[in-house]
1. Could you tell me whether segment 3-25 includes any residue that is in a helix (DSSP H, G or I), open to solvent by 100 Å² or more (accessible area, probe 1.4 Å) and aromatic (Phe, Trp, Tyr)?
2. Quick one: would you say Asp63 is at pLDDT below 75 and more than 30 Å from Asn92 (Cβ to Cβ)?
3. Exactly one of these conditions fails for Gln11: (1) at pLDDT below 80; (2) over 30 Å from Pro91 (Cα atoms). Give me its number.
4. List every residue pair whose Cβ atoms sit under 9 Å apart, with the two residues 6 or more apart in sequence or on different chains, where the first one lies in segment 22-44 and is among the hydrophobic types (A, V, I, L, M, F, W, C) and the second, anywhere, is in a helix (DSSP H, G or I).
5. Would you check if there is a residue in segment 28-42 being touching a helix residue (DSSP H, G or I) at 6+ places or on another chain (Cβ under 8 Å) and open to solvent by less than 80 Å² (accessible area, probe 1.4 Å)?
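The values are calculated or read from the model by the stated rules, or taken from the named source; none is laboratory data. Everything quoted here is computed from the prediction, not taken from an experiment. All Cβ positions, glycine included, derive from the backbone under ideal geometry; neighbour counts span all protein chains shown. The accessibility values were calculated without ligands, DNA or RNA, using every heavy atom of the protein model including side chains. Shrake-Rupley method; radii C 1.70, N 1.55, O 1.52, S 1.80 Å.
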Amino acid sequence: MLKTIALDKRQTIYDSLATLVESPSGALAFIRELADRTEGKPTQKHEVAVPRVTVFAPADPADQGASGPPPPPRGAAAAGAPARDGSIRGPNGERLRPFE
């Protein structure tokens, strides 16, 4: 029944809305209602994300063979411990000197 009345009075509804939007406050109210009906009322959406869990576990020894041997050490680990004479030796046995 309401649809029938709305269809029968389309011109009257249009004329009253046209009169309403002639004033700035009426136009603002009309646009606000139109936006709420077409776009929905503005709401704040809060999504809760599941926290990530990182688990560190030792590598499987069977998997290490597939990637090859570990790379040689670099930096201070490559130099090794000081020799008996107090000098530091490089990976090929050469004596390393400090910068002067």
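1. yes
2. Working: at pLDDT below 75: yes; more than 30 Å from Asn92 (Cβ to Cβ): yes.
Yes: the conditions hold for Asp63.
3. (1)
4. Within 9 Å, the pairs are Ala27/Leu20; Ala29/Leu20; Phe30/Leu17; Phe30/Leu20.
5. Residues of segment 28-42 touching a helix residue (DSSP H, G or I) at 6+ places or on another chain (Cβ under 8 Å): 29-30.
If we keep only those that are open to solvent by less than 80 Å² (accessible area, probe 1.4 Å) as well, we get 29-30.
Yes: one or more hits.
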